[in-house]
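Notes follow once the structure below has been shown.
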């Protein structure tokens, strides 16, 4: 008796599915939320240095525990120095070249180079910024395990902290702080 150990291939023949509108489980009814969101079609936060599109539970209700940002940074510009108080950040680099610096504490910091296909990571509450070090637009995706994308930039922190407190700790003249914008500018130019 001869035993063949290789199984016979499984043939699953079926018709090509029809229109998505016809595809449903009988008796289940519609899903309570939409599980699709067109991030690239969102109106971005636009600066002269790049764009940011945020997808979270505020514009995609299915994203109850996850949020993402699609960031585009023009050559010579950067994603401003900022931090996230509610979640770590994972980044996936889609196009271009970038360099990220992450500040851990005191004098501890690390700088890392990225290109398309690389993944970056920032623990929550660690300030970081990302520079476009290439000659083309840097595009990357930021992802957080939270329902809302929340960040605080150094500029916002300086603008909204009482002047007396900033002066006492940083010895910055009021005229310097008066020029700090209270408007969020996630992508900025050098200089």
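Annotations
- Any hit, region 178-185, residues being under 16 Å from the mean Cα position of the chain (by Cα) and surrounded by 15 or more Cβ atoms within 10 Å (Cβ to Cβ): yes
- Any chance residue 122 is in contact (Cβ under 8 Å) with a residue 12 or more places away in the chain, outside the structural domain of residue 157 (by TED's automatic domain parsing), in contact with a strand residue (DSSP E or B) (Cβ under 7 Å, 6 or more places away or on another chain) and within 27 Å of residue 43 (Cβ to Cβ): yes
- Residue in region 33-53 that is at pLDDT 95 or above, surrounded by 12 or more Cβ atoms within 10 Å (Cβ to Cβ) and in contact with a helix residue (DSSP H, G or I) (Cβ under 9 Å, 6 or more places away or on another chain) present: yes
The values are calculated or read from the model by the stated rules, or taken from the named source; none is laboratory data. Just so you know, these numbers come straight off a predicted model, no measurement behind them. Here the Cβ is made from the backbone with ideal geometry for all residues, glycine too, and neighbour counts use every protein chain on show.
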